[in-house]
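Just below is one structure, and these are the notes that go with it.
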């Protein structure tokens, strides 16, 4: 049996691999609460190389309505939450997330 926090959490790149600690609930028709952050969700698109290393990605924000049905979220609530938590939990991360949900790795400074 697996357990999760039911809300989106931070992401990081560790040894080249993307770790998404939680994507939240995607659907919970009348079974799960969708109040506040419990209603934040997403579809995560990720590009990886042949070794499975993270190349880029995109967070497509979704919000669960009061019945637990997912809809595209024009307010980008999950993007804002994940961006905030990633900066807080991994202040030295090489993962960058912009306001549109585009995910890239910081370029090395020369």
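Rule-based calculations on the coordinates, nothing more; no lab input. Here the structure is a predicted model, which is why all the values come from computation and not from measurement. Virtual Cβ from ideal backbone geometry, glycine too; neighbours counted across all protein chains shown.
Residue 46 to residue 102: extension gain in nm, 0.36 nm per residue of separation minus the Cα-Cα distance? Write out the running numbers ahead of the final one.
Working: separation 56, 0.36 × 56 = 20.16 nm, distance 1.00 nm.
Contour length minus the Cα-Cα distance gives 19.2 nm.
Hey, with R₀ at 35 Å, roughly what FRET efficiency would residue 71 and residue 19 work out to, going by the Cβ-Cβ distance, to 0.05?
Working: r = 27 Å, r/R0 = 0.77.
That pair, residue 71 with residue 19, gives E of 0.85.
Rank the residues 90, 26 as a footprinting-exposure proxy: fewest other Cβ atoms within 10 Å of their Cβ go first.
On the way: 90 16, 26 12.
Ranking 90, 26 by Cβ neighbours within 10 Å, fewest first, gives 26, 90.
Using a Förster radius of 25 Å, what is the FRET efficiency between residue 6 and residue 90 based on their Cβ-Cβ separation? Nearest 0.05, please.
0.75
Sort 51, 9 by Cβ crowding within 10 Å, fewest neighbours at the top.
Values: 51 7, 9 17.
So the ranking, lowest neighbour count to highest, is 51, 9.
Kindly give the semi-axes, whole Å and largest first, of the ellipsoid equivalent to the stretch 11-93, taking each as the square root of 5 times a Cα gyration tensor eigenvalue.
26, 14, 10
What ranking do 41, 66, 56 get, fewest neighbouring Cβ atoms within 10 angstrom at the top? Display every interim value, and only then the final one.
Numbers: 41 26, 66 10, 56 13.
With the sparsest Cβ surroundings first, the list reads 66, 56, 41.
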